[in-house]
1. Could you list, ordered by first residue, the pairs with Cβ atoms under 6 Å in which the first is in the stretch 122-139 and farther than 15 Å from residue 101 by Cβ and free of Cβ contacts under 8 Å to residues at least 60 places away in the same chain and the second is of a type in the set (S, T, N, Q) and loosely packed, with under 12 Cβ neighbours inside 10 Å, at least 6 apart or interchain?
2. Considering each residue of the stretch 34-54, count those that are within 19 Å of residue 81 (Cβ to Cβ) and touching a strand residue (DSSP E or B) at 6+ places or on another chain (Cβ under 8 Å), and give that number.
3. For residue 142, all conditions in the list (1) outside any helix (DSSP H, G or I); (2) touching a residue at least 60 places away in the same chain (Cβ under 8 Å) hold save one; what is the number of the exception?
4. Take the residues of the stretch 64-94 that are assigned to a helix (DSSP H, G or I) and either free of Cβ contacts under 8 Å to residues at least 24 places away in the same chain or over 17 Å from the mean Cα position of the chain (by Cα) (or both): which is surrounded by the fewest Cβ atoms within 10 Å (Cβ to Cβ)?
5. Hey, could you check the stretch 34-55 for residues that are hydrophobic (A, V, I, L, M, F, W, C) and not in a helix (DSSP H, G or I) and say which is surrounded by the fewest Cβ atoms within 10 Å (Cβ to Cβ)?
6. How many residues are assigned to a loop (DSSP other than H, G, I, E, B) and either without any contact (Cβ under 8 Å) to a residue 12 or more places away in the chain or not polar (S, T, N, Q) (or both) if we restrict to the stretch 2-33?
7. What number of residues within the stretch 129-145 satisfy the criterion of being β-branched (Val, Ile, Thr) and over 14 Å from residue 15 (Cβ atoms)?
8. Which of the residues belonging to the stretch 85-109 are within 18 Å of residue 55 (Cβ to Cβ) and of a type in the set (A, V, I, L, M)?
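Please treat every number below as a calculation from the coordinates, not as lab data. Remember, it's a predicted structure, so these values are computed and weren't measured experimentally. Methodologically, a virtual Cβ is constructed for each residue, glycine included, from the backbone with ideal geometry; neighbour enumeration extends over all protein chains shown.
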Amino acid sequence: MPGTYSQIYIQIVFAVKGRQSLILPEWEENLYRYITGIITNKGQKLIAINGIPNHIHIFIGMKPSCCLSDLVREIKKSSNEYINLHNFSRYPFYWQEGFGAFSYSHQHVDRVVKYILHQKEHHKVKTFKDEYVEMLKAFLINYSDKYLFDWDVNDIGN
């Protein structure tokens, strides 16, 4: 749309259903390339993508014409089909419902990129649950444990 100027940076976080560790190193780069293609084809700019076997982080430059929920729905739906079609996982693969989305200013881009690119090191000392709850609290987002990625008493430490 002519005359529209924006600078919108969003970090998207979502997990494998049940937070199962199904994203294996042998094919995670293929998954990330596939998701990059989805984002690019939707006219958005991928800045960084990375994760660990049970969840991923995607950092995008988003145009104001983009509906974030529609974009994430397409990423999850298409990548889910891609993973299952190529039999990357020995088990049926699904993403959990919902996602986290966190906005940043231009001055934070480098810091967020470094954070995402170092996910594997970061999660050697911090669980996904701890990371995600910290992000929600840092952004002052009200949440209910009841809807927080199906946390379960048996999930402690995962």
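1. From the stretch 122-139, no pairs qualify.
2. Counting residues in the stretch 34-54 that are within 19 Å of residue 81 (Cβ to Cβ) and touching a strand residue (DSSP E or B) at 6+ places or on another chain (Cβ under 8 Å) gives 6.
3. Failing condition for residue 142: (2).
4. 85
5. Of everything passing the filter in the stretch 34-55, 46 is surrounded by the fewest Cβ atoms within 10 Å (Cβ to Cβ).
6. Adding up the residues that qualify gives 6.
7. Qualifying residue count, the stretch 129-145: 1.
8. 101, the sole residue that qualifies.
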